[in-house]
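Here the structure is laid out as structure tokens; the discussion comes afterwards.
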């Protein structure tokens, strides 16, 4: 049985995390469109959010609420951390998209390939 | 008051930034950023003095004790880096006014100073904090403002350079967060000292542990532009405004190196770190970087790009020193952190002066320029000599210690490689000197010496790169203390 541990349902979340992480990373590397690259970056970051939230989960625990009937809580700290990371992610995406707008204004294209050609001409 | 110095260091530039936006005037914004960075420099000196006399400073944010609350923890290592960052910040803002007025559209200048202050906040925060996740937040503050600063460059390629850096930088920062998450899984803490204590009980062969180290190493290597993860750096340095390049080249990568030191030596500890074999990989990459980047630098026509590649090579020297894992090696790395910051700042400031008067930093536009701008090119030569490692300059001190460390570790080939790669630096610096001093100007032009307000900061830096090459007590003394602490394993 031990050999099959890695597909145990308890690790289900982490498989999703790894899939999203790799998918996002692949998009960032493989896509030539600057907006698509940012989409990939977002997927990549989201996988990390899931990673943190999964590790905060405690077996048979409730949401972290103080009150009667709530004995075991999930760990709220990862949630708070990820709240911060989401804000950072939004800021990055916003800045990235505004750069794409400026690039489009300056070059008239947002395709990596065309940009490289244009840059080779000017330099 | 003095008890709150660690947080004031970060808080003052953070609070000053919105004033620049609200007041919207370029000269007022410049004055604000100059005063702020001078105050930060003074505070960092006071902190260094406090640390040297009284030992480690621990500041609990909001009064919550560590490891629950966020702690600002300052020991010799980060007190030293704080001084570097804030000193460069002060020099650059003293220098920046004319250069910025010329290179950035008038209506965007106040935004430049805002982004600059935020970048300073992020870098100082990264250095001062004792909480690994807080460090990530400051890292992103400094990175985001850096992307904005780079995109202010005149050439439209600044935009693509900034975009490229944004993608690479975010990947790096996210890798750092993944690594940190894995550490949190094993220890349940984010405080750096607490991480160190708890990781001492963890089995080094655990896969989570190794994955965490791998993610942290790759993420930070991206940020500090360790070869071959340096691809964002040359374009970013080339197309950013001159002042920004000078600031980034001497602070951003240095702070990333500091974080790397913290992760390797304080969080993981020398013994665990050595077991993983990562130091060997870093040593090989560092040596490759020294040679490949220096060689590429020789063939550059644009001098900013040449110095950018030289920066990648110099990062190689710093990381090489660290990878020896000995006190001599690590102190060579740390002292080169300081020395490289000084000389690269001087070199980029000199190019900023050339850009101001000539409007280009291409080698072909600089024929015989030393006759027109003797002071600027004089400082460039001083910086260049330091880059090569000529005695009586700071570069010599670093190289001397690096070679000592290599001999101590019984690695004569490495010592030889350090000397060989210095010859490459000689080649690319000489190309500039030859063109600037011995070629006749192409056309008669009325290029004048740069204004005094730019020359003074430039020569402070050039002078410092000679002064600290002769009087090494301060820099080496602190670097050795820091290295002993890091290698000795006391958190």
Review point. Got a number for residues in the range B:272-328 being more than 30 Å from residue B:354 (Cα to Cα) and not in a helix (DSSP H, G or I)?
Key: 4
Practice item. Kindly provide the set of residues from the range B:305-338 that are farther than 13 Å from residue B:408 by Cβ and surrounded by fewer than 24 Cβ atoms within 10 Å (Cβ to Cβ), ordered by number. Key: B:305
Point to revise | Within the range B:73-161, helices (runs of 4 or more DSSP H) holding 3 or more residues that are over 21 Å from residue B:340 (Cα atoms) and away from chain A (no Cβ under 14 Å) | key: B:76-103, B:109-128
Practice item. Evaluate the following for residue B:207: is it farther than 18 Å from residue B:162 by Cα and without any contact (Cβ under 8 Å) to a residue 24 or more places away in the chain? Key: yes
Review point. For the range B:174-195, does any single residue satisfy the condition of being more than 20 Å from residue A:76 (Cα to Cα), within 8 Å of another protein chain (Cβ to nearest Cβ) and crowded, with 23+ Cβ neighbours inside 10 Å?
Key: yes
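Yes/no per residue for (1) part of a helix (DSSP H, G or I); (2) modelled with pLDDT under 85; (3) closer than 23 Å to residue B:163 by Cα; (4) over 16 Å from the mean Cα position of the chain (by Cα):
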residue: A:17; (1), (2), (3), (4): yes, no, no, no
residue: A:22; (1), (2), (3), (4): yes, no, yes, no
residue: A:27; (1), (2), (3), (4): yes, no, yes, no
residue: A:35; (1), (2), (3), (4): yes, no, yes, no
residue: A:71; (1), (2), (3), (4): no, yes, no, yes
residue: A:79; (1), (2), (3), (4): yes, no, no, no
residue: A:101; (1), (2), (3), (4): yes, no, yes, yes
residue: A:105; (1), (2), (3), (4): yes, no, yes, yes
Practice item. Scan the range B:161-175 residue by residue and report those that are touching a residue at least 60 places away in the same chain (Cβ under 8 Å) and within 14 Å of residue B:221 (Cα to Cα). Key: B:165, B:168, B:169
Study note, to complete from the structure: Taking the range A:18-35 and keeping residues surrounded by 15 or more Cβ atoms within 10 Å (Cβ to Cβ) and either without any contact (Cβ under 8 Å) to a residue 60 or more places away in the chain or more than 9 Å from every other protein chain (Cβ to nearest Cβ) (or both) leaves A:20, A:21, A:24, A:25, A:27, A:28, A:31, A:33
Check your understanding: Any residue at all in the range B:38-57 that is crowded, with 19+ Cβ neighbours inside 10 Å and not in a helix (DSSP H, G or I)?
Key -> yes
Exercise for review: Would you mind telling me which numbered condition in (1) within 12 Å of another protein chain (Cβ to nearest Cβ); (2) assigned to a helix (DSSP H, G or I) residue A:75 fails?
Suggested key: (2)
Practice item. Among the candidates A:103, A:43, A:82, A:86, single out the residue that is touching a residue at least 24 places away in the same chain (Cβ under 8 Å), surrounded by 14 or more Cβ atoms within 10 Å (Cβ to Cβ) and more than 9 Å from every other protein chain (Cβ to nearest Cβ). Key: A:82
Review point. How about the range B:360-433: which helices (runs of 4 or more DSSP H) wholly inside it have at least 1 residues that are free of Cβ contacts under 8 Å to residues at least 60 places away in the same chain and either out of contact with any helix residue (DSSP H, G or I) (no Cβ under 6 Å at 6 or more places or on another chain) or surrounded by fewer than 23 Cβ atoms within 10 Å (Cβ to Cβ) (or both)?
Key: B:374-388, B:394-408, B:412-433
Practice item. Consider residue A:65 carefully, then state whether it is touching a strand residue (DSSP E or B) at 6+ places or on another chain (Cβ under 9 Å) and buried (at least 17 other Cβ atoms within 10 Å of the Cβ). Key: no
Exercise for review: Can you tell me which residue among B:462, B:479 is under 25 Å from residue B:352 (Cβ atoms) and part of a helix (DSSP H, G or I)?
Suggested key: B:462
Check your understanding: With A:50, A:66 as the choices, which residue is more than 10 Å from chain B (Cβ to nearest Cβ) and within 19 Å of residue B:183 (Cβ to Cβ)?
Key -> A:50
Point to revise | Qualifying residues in the range A:107-123 (those that are part of a helix (DSSP H, G or I) and surrounded by 14 or more Cβ atoms within 10 Å (Cβ to Cβ)) - the one modelled with the lowest pLDDT | key: A:119
Check your understanding: For residue B:63, which of the numbered conditions (1) modelled with pLDDT under 90; (2) in contact with a helix residue (DSSP H, G or I) (Cβ under 9 Å, 6 or more places away or on another chain) fails to hold?
Key -> (2)
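The values are calculated or read from the model by the stated rules, or taken from the named source; none is laboratory data. Since the structure is predicted, the reported quantities are computational estimates derived from the model, not experimental observations. No Cβ is skipped: glycine too gets one built from the backbone with ideal geometry, and neighbour counts run over all protein chains shown.
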